[in-house]
Structures are given as C-alpha cells and as structure tokens.
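The values are calculated or read from the model by the stated rules, or taken from the named source; none is laboratory data. Just so it is clear, the structure is predicted and the values come from calculations on it, not from any experiment. Please note: Cβ atoms are built from the backbone with ideal geometry, for glycine as well, and neighbour counts cover all protein chains shown. For accessibility, only protein heavy atoms count, side chains too; no ligands or nucleic acids. Shrake-Rupley method; radii C 1.70, N 1.55, O 1.52, S 1.80 Å.
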Amino acid sequence: MLILISPAKRMRSHVDFLDAKGNPPFLKQSKRLLEELKTKGLVEIQHLLHCNEGIAKEAMQQYQSMDIEYGKVPALLAFDGIQYTYMRPDLFSDEAFCYCEQHLYILSGFYGVLGSMDGVCPYRLELDNPFSASFCKNLYAYWKDDLYRYVAAKDSCLLDLTSKQYGKIIKRYQDDDVRIVTCRFYEKEPSGLKEKGVYVKMARGEMVRWLAESNITKVEDVKAFSQLGYSYSEQHSHHEEFVFIRNAKS
C-alpha cells in the first residue's frame, strides 16, 4: 500500500535535525518548469498564483534564486499547513520515518511526485494554477500520466489522502489492476453529513501519523482509524471509498 497526500502552500527553507536522502524523481521536468517560471514578471506571477503582491514577490525571488539540484529539506518536513501540523512529522520516531520513506508520497505541481525524504526547495506552484507555456496548456497536461505510472509501478494499492485537485491526476489514469481507495471525513450534523475543509485536512494529517506509528501496510486495516473521534462507517463506504464519520463539534 502506498499513501498519497497533497503538498501545502507554505514551506520551510531549512530544518536542523534531518537531512534529505536524494533528489525528486522528475527533476528534469521540474527544471523545465523553472526555466519558464523565471521568465515571468511580477504581474504574471500574481495572476498565476492568485495571490497578493507580497506573496508574488516572494515566489518570484524563489524562482530566480532556486538551485533545484540541491534541495536540502526532506519533503515530509518541508511543507507547513494544517495537514502537516496534525501529522507532526518533526516528532516522528525513526521507525515512523522509515515507514514514510517506504509508503508515503507527496504529489506536487512543481516536482510531480516526491518521496518523503527527497530534498526540495521552497516554491509556489499548485497543480491547478493556470500555468501555460509553449510546451503545455496546463500542469495536468504537462504531467499527463507520469505521476500515476510512477506510483502505480511501486504498488497496486493506493490510499488517496489528497485533495480533489491532486487526486484527479491519479484517478483519471487508473488501470483495472490498480485499486485506489479514497478516504472521506464527515461531520454528523442534524441536517446530515457535512464535509468541512479544515477538519478534513486535520483528519488526513492525523491519519498519516497514525498509519506511520501503527505500521499499517494493508488497506483494510485503515478502517481501524479512530483518531479525533472519527469511526469507519461500513454503511457509507465501498471498495474504492472509506468513509469516516464523527459527531459535529458544537
């Protein structure tokens, strides 16, 4: 079983307790994207990233100064968002890091696919940002089925903990002999089941931490997840979707 997760927009430029172990597998493709990003002006970058001027300036500086072959921060520790806060990889044991190195992959608009210990540089580029160039109309067209083929070659069972924008670049190419199981997290309210973005991100991070600490390697064992008050719902689940429900927070 491989676990797929999304990146976060915020990133750390360094960590002082763990070194990266290698380069991302699609570094050549990332270099081509970087060459194109370096040609863009501030207004273009602001439009591309849907951000304010300050963030666009920071991203522009990152593009211009990035030494892509020497990313020093392990991908698992580089991203800083709600999901990663609840995952708490900086507190992982050696065994949990080893688990993630074997089972966890991060999808990325800029890097394509990242192994947990691949060295990365801070960047801003989401998979659904309106990037276009002479060689592609958008990033989905650029990466095509490369990301799916890469992870599917490693395991025929993929646990999808990504957001929709990242998960669809995997699911659209799914072969009959590859099982993709998506986890969904709902709040039980008087009006019915509700999926709330912030809570979903929290649950995804908590699930990754639990999987790593529990050394879960079989997808059916994922059903035992009960952190943050969630429990598996047999009634709402099926072969390709595991649903976890908890009572809504008051």
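Restricted to segment 149-248, the set of strands (runs of 3 or more DSSP E) holding at least 1 residues that are open to solvent by 50 Å² or more (accessible area, probe 1.4 Å) and over 24 Å from Pro25 (Cα atoms) comprises 179-189, 192-194, 241-247.
Considering segment 66-91, and only residues there that are outside any loop (DSSP other than H, G, I, E, B), open to solvent by 50 Å² or more (accessible area, probe 1.4 Å) and not hydrophobic (A, V, I, L, M, F, W, C), the residue that is farthest from Asp19 (Cα to Cα) turns out to be Tyr86.
Cβ separations smaller than 6 Å between residues 6+ apart or across chains give the following pairs from segment 173-187 residues that are more than 10 Å from Ser156 (Cβ to Cβ) and of a type in the set (D, E, K, R) to residues that are open to solvent by less than 60 Å² (accessible area, probe 1.4 Å) and assigned to a strand (DSSP E or B): Arg184/Val243.
Of the listed requirements (1) in contact with a helix residue (DSSP H, G or I) (Cβ under 9 Å, 6 or more places away or on another chain); (2) closer than 13 Å to Tyr123 by Cβ, Glu53 misses just one: (2).
Every residue, every condition in (1) among the aromatic types (Phe, Trp, Tyr); (2) closer than 15 Å to Glu206 by Cα; (3) not in a helix (DSSP H, G or I), yes or no:
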{"residue": "Glu95", "(1), (2), (3)": "no, no, no"}
{"residue": "Gln102", "(1), (2), (3)": "no, no, no"}
{"residue": "Phe110", "(1), (2), (3)": "yes, no, yes"}
{"residue": "Gly119", "(1), (2), (3)": "no, no, yes"}
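Taking Tyr63, is it open to solvent by 20 Å² or more (accessible area, probe 1.4 Å) and in contact with a helix residue (DSSP H, G or I) (Cβ under 7 Å, 6 or more places away or on another chain)? No: the conditions fail for Tyr63. Pull up segment 122-143, narrow it to residues that are assigned to a loop (DSSP other than H, G, I, E, B), in contact (Cβ under 8 Å) with a residue 12 or more places away in the chain and surrounded by fewer than 22 Cβ atoms within 10 Å (Cβ to Cβ), then point me to the one that is farthest from the chain's Cα centre (by Cα). Per the stated criteria, the residue is Phe135.
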